[in-house]
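Engineer: Can you keep this structure in mind? I'll have questions shortly.
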Amino acid sequence: MAALPPVTTSAKFSTGWAVAYVGEMGTEATDAMTDATTTHHRSCPLCEACCGLEITTKGDQVVRIRGDMNDPYSKGFICPKGSTLKQLHEDPDRLTSPRIRTEDGWKDATWDEAFAEIQRRLNPIVEAHGRQALGTVLGNPNTHNLGGMLYVRPVMTAVGSTNAFSASTVDQMPKHVSAGLMWGRPDLFPLPDVDRTDYMLILGGNPYVSNGSLFTAPDIPGRLDALRERGKFVVVDPRRTKTAENASEHLTIVPGTDAFWQMALINTLFDEDLVDVGRLAGHISGVDEVREITARYTPEAVADRCGIDAETTRRIARELAAAPTAIVYSRMGAHTTEFGTVASWASDVLNALTGNLDEPGGVMFNCSPTQNMAPSVPGGRGFQLGRWEGRASGRPEVKGELPAATLAEEITTPGDEAIKGLFVLACNPVRSFPNTDRIDEALQQLDLLVVVDPYVTATARHAHVILPPTSALERSHYDFAFEANMIRSFAKYSPAVFETDQPSEEQILSRLALVVQGMPVDTDPVVVHEQMLGQLVDAELARDSSRIHGRDRAEILEELSAWEWSEQIIDFRLRVGQYGDAFGQEADGLTLRKLIDEHPSGADFGPLVPRFPDAIKTVSGTVELAPQPIIGDMERFGAHFDSLGAANDQLVLIGRRHLKTVNSWMHNLNILIKGKTDCTLQVHPDDASRLGLADGGSASVQSRVGTVIAPVEVTDEVMPGVVCLPHGWGYDEPGIEMHTAKTKPGVNSNVLTDDGALDDLSGNCTLNGIPVDVTAA
Ligand code: SF4
């Protein structure tokens with residue numbers, strides 16, 4: 001067992017965000033700091049970077065939020081969003097008690113009334129149509145929220161339907177599928193080892209703004225700046241993003257063609273005899289099949305279609321092969337396309353063929369402290385797609401879910417098992433799922449819509465019952481989701497900053513699970529927690545009893561019982577984890593108590609270590625470079641490639657993200673939306689001139705499914721032929737109670753996204769490369 005490290009401190013700031021955003025609090029903060037105050041340390045729960053925050057309070061007021069310089073992982077870095085937990089906490093639009101829809105409009109309700117109303121509406125649906133007439137929708141805030149993360153599962157189990165949807169099929173399912181197919185573990189993401197690499201190729205990712213996606217590394221700008229100094233990073237993107245601006249090199253690419261271009265890189269590796277899988281030789285299969293399926297995608301063949309000349313493609317392939325260590329990392333721009341899974345797969349084929357899979361400086365895998373890293377044998381049950389299909393859409397299940405794009409169809413297509421009762425847990429499908437108008441209409445047909453959300457959003461305004469969770473400052477936090485994506489082995493616990501009378505998310509979701517099961521509304525929700533914890537302990541006992549020091553189930557549960565619900569789970573998982581005390585076996589090992597007392601800013605256990613071949617869980621026990629579903633998708637892939645050859649001057653739409661927002665949650669804070677509107681249609685000057693569009697004027701943008709009128713920004717940031725709208729905006733519908741956001745409503749890009757255009761393998765939406773007609777308005 002590794003010794004627990006001392007807390008390290010650092011004054012390193014790469015961009016000055018932390019300093020700048022202390023300043024946002026102004027002189028009021030400075031004056032208040034002279035009185036007695038309390039300092040809290042916690043992780044920022046707003047995005048995947050998990051930066052450490054130092055929060056100073058006086059009584060029930062936050063007087064300052066800044067980056068925690070003692071956090072050994074983020075070292076004081078925060079972005080402009082990090083200091084806004086105070087404004088989110090104090091937002092007058094944030095609900096603190098449930099709402100029930102009545103004939104006369106909304107009524108504030110007690111929690112008992114809210115759960116009774118859910119049961120009143122739910123029972124007739126279940127009696128008449130069964131549980132298959134129910135559905136669930138999960139949003140990504142659940143992964144940033146300890147209670148949401150742990151307790152949505154009992155709700156889904158209680159619902160008992162295969163109609164499960166989530167934001168994963170909007171933005172990340174291709175990565176799950178390629179990981180599942182290649183190494184048998186859909187949740188084991190390849191994590192770019194940015195700090196130790198010599199070379200990084202980024203396709204369709206903008207980590208300077210997103211702060212990392214599907215990998216957690218606070219201060220990505222600082223880490224990439226350091227890489228540029230010691231090596232090289234190349235960005236491939238149709239838009240000159242902030243990351244592209246700071247890159248060693250930026251290549252523009254035709255939207256939706258990243259997969260084809262990566263095929264040409266693979267083709268070059270074979271053609272120029274540059275393939276070297278390194279240490280994993282003997283644990284990788286399918287190399288010859290990859291050579292075969294990439295044969296037609298030469299750099300010359302893809303050049304015109306992708307907009308990258310053949311010599312540049314060959315040069316990049318050579319650079320990848322020659323670099324001592326290298327990473328290929330593709331994200332949203334490449335994955336949210338009709339061939340998103342192939343794009344994701346191709347990136348990891350490149351990592352494997354250049355010997356950079358599971359190697360320091362390449363892409364590596366989860367080594368989080370809550371992992372029990374006991375040696376295991378390669379091989380397992382693998383990963384299956386299509387275990388069931390959507391009743392109406394016929395689309396196959398992926399990782400237990402149906403595509404988000406098919407939710408409306410599963411509600412509106414008549415039938416006994418059409419969805420009539422829906423539980424939306426921290427999600428806003430009217431804003432974030434494709435074809436807004438269709439989903440908006442569909443939700444209004446439901447007999448029961450329950451929404452767990454602190455705001456009356458575009459979705460919640462259609463709810464029959466809204467259940468508001470506590471604010472982020474009123475709950476404790478441990479990043480179970482994102483510690484698995486960290487590029488170092490890191491543990492941090494964040495106690496709640498404020499107490500509250502509101503029920504915790506653990507309690508809300510447990511009560512909801514019981515009500516959905518048909519239990520009386522006054523049933524003590526602790527039974528849900530006890531069942532869940534018992535199952536967790538049983539599973540560990542069955543898997544590896546060596547980490548519980550000869551204790552039996554009852555003794556373990558008794559020892560954990562001193563903690564609150566989620567804390568019992570954290571303590572258990574830390575103690576059986578790789579640095580844990582194994583319930584007394586390792587006297588100096590990690591416990592939750594030790595983490596809180598000795599490492600309030602977090603404990604850093606060092607960089608990731610190789611995990612293959614043990615962690616490979618495909619049926620063959622090898623990393624499968626040519627899994628059958630990918631091979632099977634090659635015909636569709638090839639046909640699409642051929643169609644790209646046809647002359648076509650139609651504009652295509654791509655999305656973008658801004659530093660000050662994460663999806664739609666952040667638009668109700670004046671501090672983040674003040675100034676010039678971010679919600680503009682970016683158009684290249686050549687296209688603007690051809691179409692008669694003026695900077696500051698308006699344009700009508702029409703896709704197959706909808707039309708929006710958006711303000712025009714003429715800029716050479718986007719390549720010719722491409723227009724760009726940010727996502728998450730559009731607050732002008734009646735009934736949304738986000739009053740600051742409504743002062744700058746913007747337009748909703750998902751009015752334009754097509755619910756009929758999906759990546760077949762993952763069911764993921766197409767958010768990039770949408771054909772549109774643009775005219776002056
Ligand atoms: S980068 Fe993400 S985690 Fe860090 S302060 Fe900003 S929003 Fe919070």
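The values are calculated or read from the model by the stated rules, or taken from the named source; none is laboratory data. Nothing here was measured: the structure is a model prediction, and the numbers come from that model. Glycine gets a Cβ as well: all are built from the backbone with ideal geometry, and neighbour counts include every protein chain shown. Keep in mind that these areas ignore ligands, DNA and RNA; they rest on the heavy atoms of the full protein, side chains included. Shrake-Rupley method; radii C 1.70, N 1.55, O 1.52, S 1.80 Å.
Engineer: Test PRO92 against the criterion of being away from the ligand (no atom under 16 Å from the Cβ), of a type outside the set (A, V, I, L, M, F, W, C) and in contact with a His (Cβ under 9 Å, 6 or more places away or on another chain), and give yes or no.
Structural biologist: Details: away from the ligand (no atom under 16 Å from the Cβ): yes; of a type outside the set (A, V, I, L, M, F, W, C): yes; in contact with a His (Cβ under 9 Å, 6 or more places away or on another chain): yes.
It is true that PRO92 is away from the ligand (no atom under 16 Å from the Cβ), of a type outside the set (A, V, I, L, M, F, W, C) and in contact with a His (Cβ under 9 Å, 6 or more places away or on another chain).
Engineer: Tell me which residues, restricted to segment 453-484, are farther than 29 Å from ASP60 by Cβ and open to solvent by 10 Å² or more (accessible area, probe 1.4 Å).
Structural biologist: Those that are farther than 29 Å from ASP60 by Cβ and open to solvent by 10 Å² or more (accessible area, probe 1.4 Å): ARG461, HIS462, HIS464, ALA481, ALA484.
Engineer: Give segment 641-653 a look and list any residue that's surrounded by fewer than 17 Cβ atoms within 10 Å (Cβ to Cβ) and not hydroxyl-bearing (Ser, Thr, Tyr), or say none.
Structural biologist: Restricting attention to segment 641-653, the residues satisfying the condition of being surrounded by fewer than 17 Cβ atoms within 10 Å (Cβ to Cβ) are 642-650.
Once the filter is applied, which keeps residues that are surrounded by fewer than 17 Cβ atoms within 10 Å (Cβ to Cβ) and not hydroxyl-bearing (Ser, Thr, Tyr), segment 641-653 yields ASP642, LEU644, GLY645, ALA646, ALA647, ASN648, ASP649, GLN650.
Engineer: Right, here's the next one. Quick test for you: out of ILE118, ILE78, pick the one residue that is under 30 Å from LYS674 (Cβ atoms), open to solvent by less than 50 Å² (accessible area, probe 1.4 Å) and aliphatic (A, V, I, L, M).
Structural biologist: Going through ILE118, ILE78 in turn, just one is under 30 Å from LYS674 (Cβ atoms), open to solvent by less than 50 Å² (accessible area, probe 1.4 Å) and aliphatic (A, V, I, L, M): ILE78.
Engineer: Being of a type in the set (S, T, N, Q) and open to solvent by 10 Å² or more (accessible area, probe 1.4 Å) is the filter; apply it to segment 605-627 and report the residue that is farthest from VAL194 (Cα to Cα).
Structural biologist: Our first condition is that a residue be of a type in the set (S, T, N, Q); within segment 605-627, this holds for 618, 620, 622.
Now restrict to residues that are open to solvent by 10 Å² or more (accessible area, probe 1.4 Å): 620, 622.
Numbers: SER620: 30, THR622: 25 Å.
Applying the filter and picking the extreme gives SER620.
Engineer: Right, another one. Just give me the residues in segment 245-257 being out of contact with any Cys (no Cβ under 8 Å at 6 or more places or on another chain) and buried (at least 23 other Cβ atoms within 10 Å of the Cβ), in sequence order.
Structural biologist: First pass over segment 245-257, keeping only residues out of contact with any Cys (no Cβ under 8 Å at 6 or more places or on another chain): 245-252, 255-256.
Correct list: ALA247, PRO255, GLY256.
Engineer: Select from segment 368-403 the residues that are among the aromatic types (Phe, Trp, Tyr) and within 30 Å of SER546 (Cα to Cα) and list them in ascending order. Let's see the steps before the verdict.
Structural biologist: We begin by selecting, within segment 368-403, every residue among the aromatic types (Phe, Trp, Tyr); these are 383, 388.
PHE383, the sole residue that qualifies.
Engineer: Show the residue pairs that are 6+ apart or on different chains and have beta-carbon atoms under 9 Å apart, the first residue being within segment 533-559 and outside any loop (DSSP other than H, G, I, E, B), the second being of a type in the set (S, T, N, Q) and open to solvent by 70 Å² or more (accessible area, probe 1.4 Å).
Structural biologist: Taking only residues 6 or more apart or on different chains, the pairs are SER546/GLN585; ARG547/GLN585; ILE548/GLN585.
Engineer: Name the residues in segment 169-179 that are at pLDDT 95 or above and crowded, with 23+ Cβ neighbours inside 10 Å, would you? It would help to see each step written out before you state the result.
Structural biologist: Of the residues in segment 169-179, the ones at pLDDT 95 or above are 169-170, 172-179.
Answer for segment 169-179, where residues must be at pLDDT 95 or above and crowded, with 23+ Cβ neighbours inside 10 Å: THR169, VAL170, GLN172, MET173, PRO174, LYS175, HIS176, VAL177, SER178.
Residue-by-condition table, conditions (1) at pLDDT below 95; (2) under 24 Å from ALA481 (Cβ atoms); (3) surrounded by fewer than 17 Cβ atoms within 10 Å (Cβ to Cβ):
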site: GLU530; (1), (2), (3): no, yes, yes
site: SER546; (1), (2), (3): yes, no, yes
site: ASP552; (1), (2), (3): yes, no, yes
site: GLU555; (1), (2), (3): yes, no, yes
site: SER566; (1), (2), (3): no, yes, no
site: ARG575; (1), (2), (3): no, yes, no
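Engineer: Just give me the residues in segment 277-296 being on the phi > 0 side of the Ramachandran plot and part of a helix (DSSP H, G or I), in sequence order.
Structural biologist: Within segment 277-296, the subset on the phi > 0 side of the Ramachandran plot is 278, 282, 286.
Matches in segment 277-296: GLY278 only.
Yes/no per residue for (1) in contact with an Asp or Glu (Cβ under 6 Å, 6 or more places away or on another chain); (2) among the small types (Gly, Ala, Ser):
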| residue | (1), (2) |
| --- | --- |
| GLY580 | no, yes |
| GLY584 | no, yes |
| GLY589 | yes, yes |
| ASP604 | no, no |
| ALA615 | no, yes |
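Engineer: Could you please find all residues in segment 584-604 being open to solvent by 30 Å² or more (accessible area, probe 1.4 Å), modelled with pLDDT of 95 or more and either touching a Phe, Trp or Tyr at 6+ places or on another chain (Cβ under 8 Å) or in a loop (DSSP other than H, G, I, E, B) (or both)?
Structural biologist: Quick first cut of segment 584-604, residues open to solvent by 30 Å² or more (accessible area, probe 1.4 Å) only: 584-588, 593-594, 596-598, 600.
Next, only the ones that are modelled with pLDDT of 95 or more stay: 593-594, 596-598, 600.
ILE596, PRO600 - these are the residues of segment 584-604 that are open to solvent by 30 Å² or more (accessible area, probe 1.4 Å), modelled with pLDDT of 95 or more and either touching a Phe, Trp or Tyr at 6+ places or on another chain (Cβ under 8 Å) or in a loop (DSSP other than H, G, I, E, B) (or both).
Engineer: Would you point out which residue out of ARG279, ARG239, ARG296, ARG305 is open to solvent by 10 Å² or more (accessible area, probe 1.4 Å), touching a residue at least 40 places away in the same chain (Cβ under 8 Å) and in contact with a Lys or Arg (Cβ under 7 Å, 6 or more places away or on another chain)?
Structural biologist: From the options ARG279, ARG239, ARG296, ARG305, the qualifying one is ARG239.
Engineer: Kindly provide the set of residues from segment 391-435 that are β-branched (Val, Ile, Thr) and under 20 Å from MET173 (Cα atoms), ordered by number. Steps first, answer last, please.
Structural biologist: Residues of segment 391-435 β-branched (Val, Ile, Thr): 398, 406, 411-413, 419, 424, 430.
VAL398, THR406, VAL424, VAL430 - these are the residues of segment 391-435 that are β-branched (Val, Ile, Thr) and under 20 Å from MET173 (Cα atoms).
Engineer: Hey, can you tell me all the residues within segment 38-74 that are more than 10 Å from the ligand (Cβ to nearest atom), open to solvent by less than 30 Å² (accessible area, probe 1.4 Å) and not in a loop (DSSP other than H, G, I, E, B)?
Structural biologist: Answer for segment 38-74, where residues must be more than 10 Å from the ligand (Cβ to nearest atom), open to solvent by less than 30 Å² (accessible area, probe 1.4 Å) and not in a loop (DSSP other than H, G, I, E, B): ARG42, GLU54, ILE55, THR56, THR57, VAL62, VAL63.
Engineer: Right, something else. For segment 130-138, state whether one or more residues are open to solvent by 10 Å² or more (accessible area, probe 1.4 Å), small (Gly, Ala, Ser) and without any contact (Cβ under 8 Å) to a residue 40 or more places away in the chain. First the steps, then the outcome.
Structural biologist: Just the residues of segment 130-138 that are open to solvent by 10 Å² or more (accessible area, probe 1.4 Å), to begin with: 130-132, 138.
This time we only want the ones that are small (Gly, Ala, Ser), so: 130.
Right, trim to without any contact (Cβ under 8 Å) to a residue 40 or more places away in the chain and you get none.
Checked against the condition, which is being open to solvent by 10 Å² or more (accessible area, probe 1.4 Å), small (Gly, Ala, Ser) and without any contact (Cβ under 8 Å) to a residue 40 or more places away in the chain, segment 130-138 yields no hits at all.
Engineer: Can you tell me which residues in segment 308-321 are touching a residue at least 24 places away in the same chain (Cβ under 8 Å) and either outside any helix (DSSP H, G or I) or not small (Gly, Ala, Ser) (or both)?
Structural biologist: Of everything in segment 308-321, those that are touching a residue at least 24 places away in the same chain (Cβ under 8 Å) and either outside any helix (DSSP H, G or I) or not small (Gly, Ala, Ser) (or both) turn out to be ILE308, THR312, THR313, ARG314, ILE316, ARG318, GLU319, LEU320.
Engineer: Here is a follow-up. Would segment 654-667 turn up any residue that is open to solvent by 30 Å² or more (accessible area, probe 1.4 Å) and part of a strand (DSSP E or B)?
Structural biologist: yes
Engineer: Being small (Gly, Ala, Ser) and either in contact with a His (Cβ under 6 Å, 6 or more places away or on another chain) or open to solvent by less than 10 Å² (accessible area, probe 1.4 Å) (or both) is the filter here, so list the residues in segment 418-436 that pass it.
Structural biologist: Initial filter on segment 418-436 (small (Gly, Ala, Ser)): 418, 421, 426, 432.
Within segment 418-436, ALA418, GLY421 meet the criteria.
Engineer: Any residue at all in segment 673-681 that is over 25 Å from ASN435 (Cβ atoms), out of contact with any Ser or Thr (no Cβ under 8 Å at 6 or more places or on another chain) and within 16 Å of the ligand (Cβ to nearest atom)? Don't jump to the end; show me each part of the working.
Structural biologist: As a first pass, look at segment 673-681 and keep what is over 25 Å from ASN435 (Cβ atoms): 673-676.
Subset that is out of contact with any Ser or Thr (no Cβ under 8 Å at 6 or more places or on another chain): 674-676.
Right, trim to within 16 Å of the ligand (Cβ to nearest atom) and you get none.
No, the conditions are met nowhere in segment 673-681.
Engineer: Considering only strands (runs of 3 or more DSSP E) fully contained in segment 75-158, which possess at least 3 residues that are more than 30 Å from LEU536 (Cβ to Cβ)? Give the derivation first.
Structural biologist: On the way: elements: 99-102, 105-108, 134-138.
The qualifying strands (runs of 3 or more DSSP E) are 99-102, 105-108.
Engineer: Now for a separate question. Scan segment 87-98 residue by residue and report those that are open to solvent by less than 30 Å² (accessible area, probe 1.4 Å) and in contact with a strand residue (DSSP E or B) (Cβ under 9 Å, 6 or more places away or on another chain).
Structural biologist: The answer is LEU95, PRO98.
Engineer: Determine if segment 674-690 includes at least one residue that is outside any strand (DSSP E or B), open to solvent by less than 10 Å² (accessible area, probe 1.4 Å) and within 28 Å of CYS79 (Cα to Cα).
Structural biologist: yes
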